[in-house]
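See structure below.
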Amino acid sequence: MTKTPRENAVELRKKFPEAPYEDGRMVYISSAWLKTCDLYQRFLNFYSNMVSGDKNYFVASLDYTVGIDAGLFTEESMMLEKNDPEMTLDKWAYEYEGRFVGSANDSYYPYDITSKCRVIDRCELEQPKKCQYSYIVTHDVAVSGKSGSDNACTHVIKLIPRKNGTFTKQIVFTKTMNGATLKEQRDFLRELIHIRFPNTEKLVIDAQSAGQGLLSLLEEPWSARNTRGEMEEFPPLICDDDEEAQLLLPDASPMIRGITATQEFNSTFYPYMKTGFEDGSLQLLVDSSETDEEYKNGKYRPEEQVIHVEHDNLVQELSNIKQSYSEGGKIIYTRIVKSKKRDRATSLMYGLSVVWEYEKQGKADMYKKDIDALSYLKKYIY
């Protein structure tokens, strides 16, 4: 932005001293961004003044076609940019279409609650050395590779204990896969929980449809090179509530939580996830635009930057979820735009359902300590 007489006006005054003096103008030139930012409010204010007839205000939204008309780039180069794996729909809208983006009015997870939770500066490709915190790995299963099909999505949730028996829940790693076989997904999850995040306490998996096939593969022992470069065999993994499997496979580790997402399940954990955003206990990576410069300068690896983009997509998916009512009057959670997926949001909700249990028990344990102390003191109170 500038606040000086425009160059052509200065030159014009030299040539025509008798011409009327032209005051300087405050000019703001910027990409659009989120509707929650200050620039959007300024844009609305200027727009309102302009349409009301005030000639001191003017706004214009120019998309990428202006650059094409000016010969700065071609339609083909713009389409390559649009199809770049790091380009999200929201980013394309505000960078190249001049549109401020934000949630629909009936969004259950509007941008103004999710954006405030984007506070983690750097992802974790593996757990830090000497890390004492626990992790939960959550995975939504999908196998189709057809265009527009669902993605398999994995999140790693880092649990940082708080004094009130709850946790700060940091989503430090996210990966989506399209068309990956069940065996490929099995190997990826095994590597995550045994090699990269060995402090993993629970593996949460969608147990419906293709998820049953993945659970079956996880019941087999698995071998890989550990961090010391030695081959190590890891035990079968089974569901923590599968008593029959525990009898048949006594050496297996019951660390899997199989999820069947019923209406009752959704009605409990969509609100719980929203509470995490509202109180700030659920934290995401900062927007990819904030790390883009480091990435371009080689200070941030591609595999790190892509996780920030995944969280851009996660926030976008969340903004497309709304709460409504079925014909029977029950609360349901649907998509505002039906063509948009919510694989990242669903996988996150699955993992948070286990954290909810941990927090419920943590609060109960704290209350129990208080009661036990009171019971002890009662013996000496007359």
Original post:
Is it fair to say residue 322 is over 17 Å from residue 349 (Cβ atoms) and among the basic types (Lys, Arg)?
Top reply: no
Subject >> Residue check, residue 19 part of a loop (DSSP other than H, G, I, E, B), in contact with a strand residue (DSSP E or B) (Cβ under 8 Å, 6 or more places away or on another chain) and modelled with pLDDT under 80 >> reply: no
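The rows are residues; the columns are (1) out of contact with any Leu (no Cβ under 8 Å at 6 or more places or on another chain); (2) part of a helix (DSSP H, G or I); (3) of a type in the set (Gly, Ala, Ser); (4) crowded, with 17+ Cβ neighbours inside 10 Å.
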{"position": "87", "(1), (2), (3), (4)": "yes, no, no, yes"}
{"position": "98", "(1), (2), (3), (4)": "no, no, yes, no"}
{"position": "109", "(1), (2), (3), (4)": "no, no, no, yes"}
{"position": "113", "(1), (2), (3), (4)": "yes, yes, no, yes"}
{"position": "125", "(1), (2), (3), (4)": "yes, no, no, no"}
{"position": "143", "(1), (2), (3), (4)": "no, no, no, yes"}
Subject >> Pairs with Cβ under 6 Å, 6+ apart, first in region 107-132 and within 18 Å of residue 194 (Cβ to Cβ), second not aromatic (Phe, Trp, Tyr) >> reply: 124/172; 126/196; 127/199
Subject >> Residue list for region 166-186, restricted to those being surrounded by fewer than 19 Cβ atoms within 10 Å (Cβ to Cβ), in a helix (DSSP H, G or I) and in contact (Cβ under 8 Å) with a residue 24 or more places away in the chain >> reply: 183
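Kindly provide the set of residues from region 328-338 that are in contact (Cβ under 8 Å) with a residue 60 or more places away in the chain and either under 19 Å from the mean Cα position of the chain (by Cα) or assigned to a helix (DSSP H, G or I) (or both), ordered by number.
Initially, region 328-338 is screened for residues in contact (Cβ under 8 Å) with a residue 60 or more places away in the chain, giving 330-333, 336.
Listed by number, the residues that qualify are 333, 336.
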Subject >> Sole exception among (1) buried (at least 23 other Cβ atoms within 10 Å of the Cβ); (2) assigned to a loop (DSSP other than H, G, I, E, B) for residue 150, by number >> reply: (1)
Original post:
Any idea which of 248, 189 is over 30 Å from residue 116 (Cβ atoms), free of Cβ contacts under 8 Å to residues at least 12 places away in the same chain and hydrophobic (A, V, I, L, M, F, W, C)?
Top reply: 248
Original post:
Only one of (1) modelled with pLDDT under 95; (2) over 22 Å from residue 317 (Cβ atoms) is not met by residue 145, so which one is it?
Top reply: (2)
Subject >> Residue, surrounded by the most Cβ atoms within 10 Å (Cβ to Cβ), within region 218-254, restricted to residues that are of a type in the set (S, T, N, Q) and under 32 Å from the mean Cα position of the chain (by Cα) >> reply: 253
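The values are calculated or read from the model by the stated rules, or taken from the named source; none is laboratory data. For clarity, every value in this text was computed on a predicted model and none was experimentally measured. With ideal geometry, Cβ positions are generated from the backbone for all residues, glycine too; neighbour counts draw on all protein chains shown.
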